[in-house]
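A.B. asks: Take a look at this one; I'll ask things after.
The values are calculated or read from the model by the stated rules, or taken from the named source; none is laboratory data. What you see is a predicted model; the values in this text were computed from it and never measured. In this analysis, Cβ positions are derived from the backbone assuming ideal geometry, glycine residues included, and neighbour counts consider all displayed protein chains. These area figures cover heavy atoms from the full protein model, side chains too; ligands, DNA and RNA do not enter into them. Shrake-Rupley method; radii C 1.70, N 1.55, O 1.52, S 1.80 Å.
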Amino acid sequence: MRLRKLLAASLALVLAGCGGGGGSTPSNVAIEGHVVATGLNQPMQYASNPSHATIAYVIERGGALRVLVSDVLQTTPALDISGLLDTGGEGGLLGITFDPNFSSNRFFYLNYTSGSPMTTRVARYTMAADGLSASPGSAHLVFAWDQSPFTNHKGGAINFGADGLLYLGLGDGGSGDDPNNRAQDPQQLFGKILRIDPTGDDFPGDPDNNYHIPPSNPFVGQAGIRGEIWDVGIRNPFRWSFDKNTGALIIADVGQGAWEEFDYEPAGMGGRNYGWRIREGAHDTGNGGTPFSNTLLDPFLEVPHPAAEAIIGGFIYRGNLLGSQVHNQYIFGDYVTSKIWAVTITPSGGTAATVPFSSAVDLTSAINQGLSSGIDGPVSIDLDSNGEPIVVELNAGRVIRIVPKPVP
């Protein structure tokens, strides 16, 4: 099942609601959901301002950067780039991240698709000192990649690592089963995690690409391999994150028709092949094709369909409010089933120990207790300025906090 189902509400696609299944359901989880904002137009991701703890943003797929001040949604967007976007298929405004030096330069980065042909672009903007607006004229293009001929599997999240470099997850470029085996192609950026330095420019003759390829990238200098590549064999890394304590990379890779997968990579250990399209999860697909490398790494967690069909990666929860039930747990969700789970990740041997899906704790019913209507189409699980979890719902147009359940 393709991630275009993740955008089904606006694309007039019909979702066959699949049963939740899998994971344990605790009898008494002392958490619940609390609605922060409603009425958003296809919200995609939440991000807190690193310099203003009371200010946060929600990107809308159509191009608006909405502002929350002390959890109150403001009428005027901080920025609207709707005129730049191609929202066909799985396109639109898909990701946001802040520069490591935001407190001094006020830079933030947006990941979006524009056309024609459909092109993934990463652009840098400058936020006003009060955190409430950003000028369209401050745009500085960093990265561009032609996404034709398909309109699905465009990735989404962009994040800075602890090394101060920008990581970008590109999907395999679309259709089904990666027909051209692009995720394994060393000369294609499709189906890869990329690492670039947006402060330099190795492409002075190209106005759309203004970045430096870090010389410490794992394949720099190897003939026939793009130097931007950090990891390969990814299908569609729509939402993924770094663990703030360890710097580990946790990739939630949306599956094709049978398995959703989660990969764990300790900080600085790139150069890995996660197997797509040769494997889906830990299973051979029969698709064939020449592998980028012979060692194909298995996920630490895989979820069978129909228990999940469009996974949404989250974070290892390191906050203080939710207590031992979810502390140090990886919180993740699924768009199709509208479920949220938590699972323990145990680093082991340069990756993480394999855990069965049955060990994941289903938090959905507990979260839903605090809502007038249950979670509907989660597309991002993010952290607020205090490290507390936020759920963004595409279908319902809401932003939800996960909070402690009041003591009777």
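A.B. asks: Give me the pairs: first residue in region 358-379 and open to solvent by less than 60 Å² (accessible area, probe 1.4 Å), second residue in a helix (DSSP H, G or I) and modelled with pLDDT of 95 or more, beta-carbon distance under 8 Å, and six or more apart or on different chains, which are they?
C.D. replies: Correct list of pairs: Gly374/Thr364; Gly374/Asn368; Ile375/Thr364; Ile375/Ile367; Ile375/Asn368.
A.B. asks: So Val361 clears everything in (1) β-branched (Val, Ile, Thr); (2) within 24 Å of Gly156 (Cβ to Cβ); (3) touching a Pro at 6+ places or on another chain (Cβ under 7 Å) except one condition, right? Which one?
C.D. replies: Every condition holds for Val361 apart from (2).
A quick yes/no check of all residues on (1) in contact with a helix residue (DSSP H, G or I) (Cβ under 7 Å, 6 or more places away or on another chain); (2) open to solvent by 10 Å² or more (accessible area, probe 1.4 Å):
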residue: Gly227; (1), (2): no, yes
residue: Trp230; (1), (2): no, yes
residue: Asn236; (1), (2): yes, no
residue: Ser241; (1), (2): no, no
residue: Ala248; (1), (2): no, no
residue: Asp253; (1), (2): no, no
residue: Gln256; (1), (2): no, yes
residue: Tyr264; (1), (2): no, yes
residue: Ala267; (1), (2): no, yes
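A.B. asks: Might you let me know whether region 201-209 holds any residue that is under 16 Å from Tyr109 (Cα atoms), modelled with pLDDT of 95 or more and not in a strand (DSSP E or B)?
C.D. replies: Scanning region 201-209, I find at least one residue that is under 16 Å from Tyr109 (Cα atoms), modelled with pLDDT of 95 or more and not in a strand (DSSP E or B), so the answer is yes.
A.B. asks: So, in region 36-52, of the ones that are open to solvent by 20 Å² or more (accessible area, probe 1.4 Å) and small (Gly, Ala, Ser), which residue ends up farthest from Thr76 (Cα to Cα)?
C.D. replies: Ser51
A.B. asks: In addition: Where the second residue is surrounded by 18 or more Cβ atoms within 10 Å (Cβ to Cβ) and of a type in the set (D, E, K, R) and the first is closer than 26 Å to Arg106 by Cβ and lies in region 134-149, which pairs have Cβ atoms under 7 Å and are six or more apart or on separate chains?
C.D. replies: Note: pairs meeting the criteria are His140/Arg124; Leu141/Arg121; Val142/Arg124; Phe143/Arg121; Ala144/Arg121.
A.B. asks: Can you list the strands (runs of 3 or more DSSP E) found entirely within region 304-402 that contain at least 1 residues being closer than 14 Å to Glu32 by Cβ and touching a strand residue (DSSP E or B) at 6+ places or on another chain (Cβ under 9 Å)?
C.D. replies: Hits in region 304-402: 339-344, 389-393.
A.B. asks: Still on this structure, I have one more. Residues being more than 23 Å from Ala308 (Cβ to Cβ), in a strand (DSSP E or B) and out of contact with any Ser or Thr (no Cβ under 6 Å at 6 or more places or on another chain): count how many of those fall in region 271-282.
C.D. replies: 0
A.B. asks: Step by step: first the residues of region 156-187, then only those that are of a type in the set (D, E, K, R) and open to solvent by 10 Å² or more (accessible area, probe 1.4 Å), then the one that is farthest from Pro43 (Cα to Cα). Which residue is that?
C.D. replies: Once the filter is applied, the top-ranked residue is Asp185.
A.B. asks: Quick one: in region 108-129, of everything that is of a type in the set (Gly, Ala, Ser) and modelled with pLDDT under 95, which residue is least open to solvent (accessible area, probe 1.4 Å)?
C.D. replies: Gly115
A.B. asks: Any chance you could count how many residues in region 380-407 are open to solvent by 20 Å² or more (accessible area, probe 1.4 Å) and either of a type outside the set (S, T, N, Q) or touching a helix residue (DSSP H, G or I) at 6+ places or on another chain (Cβ under 9 Å) (or both)?
C.D. replies: The qualifying residues number 9.
A.B. asks: Within the bounds of region 70-88, is there any residue that is out of contact with any Ser or Thr (no Cβ under 8 Å at 6 or more places or on another chain), open to solvent by less than 30 Å² (accessible area, probe 1.4 Å), touching a residue at least 12 places away in the same chain (Cβ under 8 Å) and among the charged types (D, E, K, R)?
C.D. replies: No, because not a single residue in region 70-88 is out of contact with any Ser or Thr (no Cβ under 8 Å at 6 or more places or on another chain), open to solvent by less than 30 Å² (accessible area, probe 1.4 Å), touching a residue at least 12 places away in the same chain (Cβ under 8 Å) and among the charged types (D, E, K, R).
A.B. asks: What strands (runs of 3 or more DSSP E) lie completely within region 78-192 and have 2 or more residues being of a type in the set (Phe, Trp, Tyr)?
C.D. replies: 107-114, 140-146
A.B. asks: I'd like to check something: does region 330-349 contain any residue that is closer than 21 Å to Asp243 by Cα, open to solvent by 40 Å² or more (accessible area, probe 1.4 Å) and either among the basic types (Lys, Arg) or touching a residue at least 12 places away in the same chain (Cβ under 8 Å) (or both)?
C.D. replies: Checking region 330-349: at least one residue is closer than 21 Å to Asp243 by Cα, open to solvent by 40 Å² or more (accessible area, probe 1.4 Å) and either among the basic types (Lys, Arg) or touching a residue at least 12 places away in the same chain (Cβ under 8 Å) (or both).
A.B. asks: Restricting to region 53-69, give me the number of residues that are part of a loop (DSSP other than H, G, I, E, B) and either open to solvent by less than 60 Å² (accessible area, probe 1.4 Å) or among the basic types (Lys, Arg) (or both).
C.D. replies: 3
A.B. asks: Test Gly268 against the stated conditions and say whether it is assigned to a loop (DSSP other than H, G, I, E, B), over 17 Å from Ala157 (Cβ atoms) and not hydroxyl-bearing (Ser, Thr, Tyr).
C.D. replies: Details: assigned to a loop (DSSP other than H, G, I, E, B): yes; over 17 Å from Ala157 (Cβ atoms): yes; not hydroxyl-bearing (Ser, Thr, Tyr): yes.
Spelling it out, Gly268 is indeed assigned to a loop (DSSP other than H, G, I, E, B), over 17 Å from Ala157 (Cβ atoms) and not hydroxyl-bearing (Ser, Thr, Tyr).
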